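Take a look at the structure set out below.
Just so you know, all these numbers are worked out from the coordinates, no wet-lab data involved. Keep in mind it's a predicted model, so treat the numbers as computed, not measured. Glycine also receives a Cβ, built like all others from the backbone with ideal geometry; neighbour counts cover every protein chain displayed.
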Amino acid sequence: MRLTQLTRAFAIVICTIGVARAQNAAPVPAERLAAREWFRDAKFGMFIHWGVYSQLGQGEWVMENRGIPIDTYEWLASAFNPIKFDAHAWVATARAAGVKYITITARHHDGFSMFATKVTRYNIVDWTPFARDPMKELAAECRANGIKLFFYYSQLDWHHPDYWPRGRTGHSTGRPESGNWNRYLDFLDAQLTELLTNYGPIGGIWFDGLWDKPDADWRLAKTYALIHRLQPAALIVPNHHEAPKPDEDVQTFEQDLPGANTAGFNTREIGALPLETSLTMNQSWGFNITDKKFKSVKELIGYLVRAAGNDGNLLLNIGPRPDGTIQPEAVERLHAIGDWLRTYGRSIYGTRGGPVSPRSWGATTRRADTVFVHVLDWPDRSLSLPPVGAHIVRASMLSGGQAVSFVESRDGVTLTLPPPTTGEPDRVIVLETSGRS
Ligand code: FHN
């Protein structure tokens with residue numbers, strides 16, 4: 001570990017203890033701090049939305065959007081048989097893409113468990129002809145390939161009778177107008193216990209759906225303590241669209257870069273936790289048979305770069321088909337991103353947001369004294385940056401190493417770039433700097 005990294009790790013520990021004392025919270029244990037740093041370094045993850053809903057090819061909200069009653073949806077679940085599911089192939093695609101972690105829907109809002117659970121028969125092993133546990137197969141493949149697995153877990157449930165009183169959604173599924181909220185939360189804790197004990201060490205739990213009942217008592221302290229007790233290094237990633245709450249580990253933003261709110265439901269408040277942006281590759285999370293609006297490879301690399309420039313990760317979604325295969329459009333794009341990362345990965349993995357905040361032309365990232373200037377959208381050869389906080393010793397193109405001329409002044413630095421080549425997603429300039437100016 002370099003001295004600067006050691007100093008930073010030390011500073012994080014001291015700072016965390018300080019914040020914990022100020023908030024009267026328990027200090028975050030070392031293994032979780034290390035897991036948070038791992039997460040910051042990871043930079044790129046693959047999100048997977050896959051479940052019973054995939055069969056209808058209209059996204060993961062189809063039960064709610066089409067007002068499908070519970071008994072009809074239960075029948076749909078009983079027909080789920082993704083015989084082409086191959087955990088090895090999925091993880092091979094993830095590896096080719098260069099992702100460091102996978103986050104998969106273990107249970108979405110439809111309330112169907114995509115894993116073996118003893119607390120309800122409404123799960124993929126007991127309810128379907130498939131009768132296999134894809135989470136188990138995926139966990140084994142991820143472990144074998146050095147990829148961390150996170151489980152998406154919906155707190156919101158359109159099926160469970162005890163999800164009562166109802167929140168903003170799930171009113172048309174034909175449930176009795178009664179239920180026992182605490183019993184529902186016990187069910188949730190029991191399932192989380194299974195996810196944290198039956199699948200080996202996992203990266204963490206990615207929660208979603210709290211926004212359905214933002215004012216309810218979710219017993220978060222109890223649930224979070226349970227998770228951290230069962231797996232002290234597991235991270236809690238809550239997609240509640242609010243500022244971080246105690247004992248959470250990552251702040252995630254849906255369809256937006258950290259601090260932005262074009263989606264209309266994200267908070268602009270950024271806390272001190274590691275950051276993440278979740279993003280659809282087309283316009284849907286779950287498989288949508290007519291949605292062909294896939295983002296281009298250049299756009300996707302742009303998101304990855306801008307997320308890193310904002311000091312965050314990109315969690316890029318795919319919605320596999322009901323037979324268990326991944327759409328070719330997605331596979332093709334994931335491979336192309338992986339190809340790009342094989343050359344440019346050192347300007348992304350293990351970096352932090354750089355000295356110049358993201359701009360319309362691109363973003364900067366940094367590792368120790370090296371600054372990476374990512375020029376995503378700039379037609380000219382000359383590019384002026386504000387001061388980068390240190391003297392530049394050398395500037396060169398990351399690909400090929402060609403020297404880049406630069407002029408430093410009190411106002412910043414002007415780079416003379418090679419002309420852009422058509423279709424090139426990102427011109428990356430490496431600035432080697434010495435000390436702080
Ligand atoms: O309602 C879900 C949606 O289906 C999807 O899972 C996304 C992923 O970030 N989150 C929710 C909305 O906040």
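The table for this structure:
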read-out: Cα centroid separation - the range 397-437 against the range 208-243, whole Å; value: 43
read-out: Relative contact order (%) - criterion: Cα under 8 Å, at least six apart; region: the chain; value: 16
read-out: Spatial separation of Cα centroids for the range 312-343 and the range 28-101, in angstrom; value: 13
read-out: Neighbour net charge for Ile48 - beta-carbon separation under 14 angstrom, K R +1, D E -1; value: -2
read-out: Neighbour cut-off at most 10 other Cβ (10 Å), DSSP loop, chymotrypsin sites (Phe, Trp or Tyr not before Pro), the range 48-122; value: none
read-out: Listed residues Asn310, Asn65, Asn266, most fluctuating in the chain (Gaussian network, C-alpha, under 10 Å); value: Asn65
read-out: Highest-fluctuation residue, Ala234, Ala92, Ala221 considered, GNM on the chain with Cα pairs under 10 Å; value: Ala221
read-out: The range 264-323: GluC sites (Glu not before Pro) in DSSP coil with no more than 11 other Cβ atoms inside 10 Å; value: Glu269
read-out: Lys pairs under 18 Å by Cα in the chain, provided they are eight or more residues apart or on distinct chains; value: 10
read-out: Low-density loop cleavage sites - trypsin sites (Lys or Arg not before Pro) in the range 112-208, where at most 12 other Cβ are within 10 Å (DSSP); value: Lys118, Arg121, Arg168
read-out: Alpha-carbon radius of gyration plus Dmax, which is the widest Cα pair, for the chain in Å; value: 22.7, 71
read-out: Whole-Hz ³J(HN,Hα) from phi, Karplus 6.51 cos²θ - 1.76 cosθ + 1.60, for the range 107-113, glycine and proline x; value: 7, 9, 5, 5, x, 8, 7
read-out: Most mobile listed residue (Asn180, Asn123, Asn81) in the chain, GNM with C-alpha springs under 10 Å; value: Asn180
read-out: Distant-in-sequence amide H partners of Ala363 (H built 1.01 Å from N, under 5 Å); value: His374, Leu376
read-out: Formal net charge of residues neighbouring Leu188 (Cβ-Cβ distance under 12 Å; K, R +1; D, E -1); value: -1
